[in-house]
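First up is the structure itself, then whatever we jot down about it.
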Amino acid sequence: MNTSSGDRDYASPPCFMHELASGAQAADADHWPDVRRWRKAARERLIAERLAVPAKTRSELAEDIANQLDRLIGDPAGRVIGLYWPFRGEPDLRPWLARCAARGAETALPVVIEKGAPLVFRPYRPGDTLERGVWNIPVPATQAEIAPDIVVSPLVGFDAARYRLGYGGGFYDRTLAALAKKPLVVGIGYAFSQLPTIYPQPHDIAMDHIVTAG
């Protein structure tokens, strides 16, 4: 896929950035508004690019990602896996989640309770009753909650330091910071969504792994 426009847009860092010891680029706290504007523009471009991917291609890429997840996670039996309901062109891993459930995993979906609060994970198996949540994304109708051992998180963009660019609500960062036991966190996206850096801030939490295709 053609990513030349992204190369032009993001080849040079904004003037307010500085280098971290890791080689990643960050912004001083005073420049957070500038970072937010930059992230908004990057987010809009990347979402438009993935929505332009044909449905058949997205399905093939999702199966590639599912196979990589199998190799990464191994036997899912007895483990709690939190996934996501696909939204705005995200890889659809619901068939993979169903296979994990059939192999003995406990499976769950995230639910937004309120703005500015961490997500909660509610048990979900294919066929369970769903209701409409925030942004009309289906969520489990049950009020039960479960703590995930593995969180498979969608991303809009990412960088080599495994920092995730999401939708800007900060839900996943707050959730990971609030969980009593840290899960294995795997970011999921498309290879063309990689950026030189997302300009990480103190509240950003890096993924343990990032799995992509395309």
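Rule-based calculations on the coordinates, nothing more; no lab input. Just so you know, these numbers come straight off a predicted model, no measurement behind them. Note that each Cβ is placed from the backbone with ideal geometry, even for glycine, and that neighbours are counted across all protein chains shown.
Per-structure values
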{"quantity": "Check on Leu97, of a type in the set (A, V, I, L, M, F, W, C), under 13 Å from Ala213 (Cα atoms) and in contact with a strand residue (DSSP E or B) (Cβ under 6 Å, 6 or more places away or on another chain)", "calculated": "no"}
{"quantity": "Pick from the range 73-99, criterion of a type in the set (Gly, Ala, Ser) and in contact (Cβ under 8 Å) with a residue 12 or more places away in the chain, ranking: surrounded by the most Cβ atoms within 10 Å (Cβ to Cβ)", "calculated": "Gly82"}
{"quantity": "Restricting the range 52-77 to residues that are in a loop (DSSP other than H, G, I, E, B) and hydrophobic (A, V, I, L, M, F, W, C), the residue that is farthest from Gly189 (Cα to Cα)", "calculated": "Ala77"}
